[in-house]
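Asks: Input: one structure, supplied below.
The values are calculated or read from the model by the stated rules, or taken from the named source; none is laboratory data. Small disclaimer: the values here were computed from a predicted structure and weren't measured. For neighbour counting, all protein chains shown are included, and Cβ atoms are generated from backbone atoms with ideal geometry for every residue, glycine included. We work out accessible area using only protein heavy atoms, side chains counted, and drop any ligands, DNA or RNA first. Shrake-Rupley method; radii C 1.70, N 1.55, O 1.52, S 1.80 Å.
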Amino acid sequence: MTAPVATANRRPSRAGRTLHAGPVAYGILVVAVLFSAFPFYWTIVAASRSNAELAKVPPTLLPGPNLMRNFEAVLEEADIGKALLNSLIVSGSITLGTVLCCTLAGFAFAKLRFRGRGALLAVTVGTMMIPPQLGVIPLFMLIAELGWVNQLQAVILPGLVSAFGVFFMRQYLVQSLPDELIEAARVDGASTARIFWSIVVPIARPGMAVLGLLTFMAAWNDFFWPVVALTSSEPTVQVALRQLGGGYVHDQSVIMAGTLLGTLPVLLVFGLLGRQIVGGIMQGAVKG
């Protein structure tokens, strides 16, 4: 009886074995990184060259000496400082509102029992299939009636909640929040609001971080609705970039310099918070 056990104990454990990537996997990763990073590198190259140099065939692939000169041209042609501040206000407000509202709604759809929950969730998810362009005219008529044209709240308020965010947080909480925790809190006399702030928010923090990053990037890069609701006197970054490189021949180097300025804050946010967000996701996965 002991011999089979000894033989079984000598077998290597697949669960404890460390997997190592081979040269093919590293080669694929290197190629993927190069393809992903090249557009940003080309933006730096184009922003540091003149328009004539960009028109050469073959184009140059090394950065040039005109980066600061093109930055000065961007500041002269558009109020990029005010645009960066407006984009920060708009993106930050939309991110905070979306994370809070979608977490509340996701918790309700995931763990609370109320009549019509399934129908409301189906309607919410169904709105994602409606093109947002269909609502532009009635939405603009509404903000014009309220007197919000060319004001930041016209861009902030329509984006404070999203169907994708509600569905995302609902799915996250279904998997990560045990029903036993909520039942134990109910037994201890905790209200729904106390359960949300003391139990749901700490558990949902990794998902909220991911949703916040995605929302911030989408709000920062949004062009269609801000260009409808705002003018050049109160622009976001994307609206301000439309003013660059004007003339009969567009100055692509100045446009690329403005694009680089508009991209740097997003890269900075991701560089500062990316590791914490990934770590939070892995921590949530281990806890689950």
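Asks: Does region 221-237 include one or more residues that are under 26 Å from L104 (Cβ atoms), surrounded by fewer than 17 Cβ atoms within 10 Å (Cβ to Cβ) and not charged (D, E, K, R)?
Replies: yes
Asks: Output the helices (runs of 4 or more DSSP H) that fall wholly within region 97-179 and possess 3 or more residues being open to solvent by 50 Å² or more (accessible area, probe 1.4 Å), at positive phi and of a type in the set (S, T, Y), or say none.
Replies: Where helices (runs of 4 or more DSSP H) fall fully within region 97-179, none carries at least 3 residues being open to solvent by 50 Å² or more (accessible area, probe 1.4 Å), at positive phi and of a type in the set (S, T, Y).
Asks: Just to be sure before I move on: is S162 of a type in the set (S, T, N, Q) and modelled with pLDDT of 90 or more in the structure I sent?
Replies: yes
Asks: Just checking, how many residues over region 172-212 are in contact with a Lys or Arg (Cβ under 8 Å, 6 or more places away or on another chain) and charged (D, E, K, R)?
Replies: Here the count works out to 1.
Asks: Name, by its number, the condition in (1) in contact (Cβ under 8 Å) with a residue 60 or more places away in the chain; (2) open to solvent by 50 Å² or more (accessible area, probe 1.4 Å) that does not hold for L268.
Replies: (1) is the only condition that L268 fails.
Asks: If you don't mind, there's one more thing I want to ask. Please tell me if Q243 is in contact (Cβ under 8 Å) with a residue 40 or more places away in the chain and either over 30 Å from M128 (Cβ atoms) or touching a Cys at 6+ places or on another chain (Cβ under 9 Å) (or both).
Replies: yes
Asks: Quick one: in region 28-52, which of the residues that are in contact with a helix residue (DSSP H, G or I) (Cβ under 8 Å, 6 or more places away or on another chain) and part of a helix (DSSP H, G or I) is nearest to D251 (Cα to Cα)?
Replies: It comes out as N51.
Asks: Do we have A110 as at pLDDT below 95, touching a Lys or Arg at 6+ places or on another chain (Cβ under 9 Å) and of a type outside the set (D, E, K, R) here?
Replies: It is true that A110 is at pLDDT below 95, touching a Lys or Arg at 6+ places or on another chain (Cβ under 9 Å) and of a type outside the set (D, E, K, R).
Asks: Can you tell me which residue is farthest from the chain's Cα centre (by Cα) among those in region 181-196 that are part of a helix (DSSP H, G or I) and loosely packed, with under 12 Cβ neighbours inside 10 Å?
Replies: V187
Asks: So how many residues does region 39-81 have that are touching a residue at least 60 places away in the same chain (Cβ under 8 Å) and open to solvent by 70 Å² or more (accessible area, probe 1.4 Å)?
Replies: Total meeting the criteria: 3.
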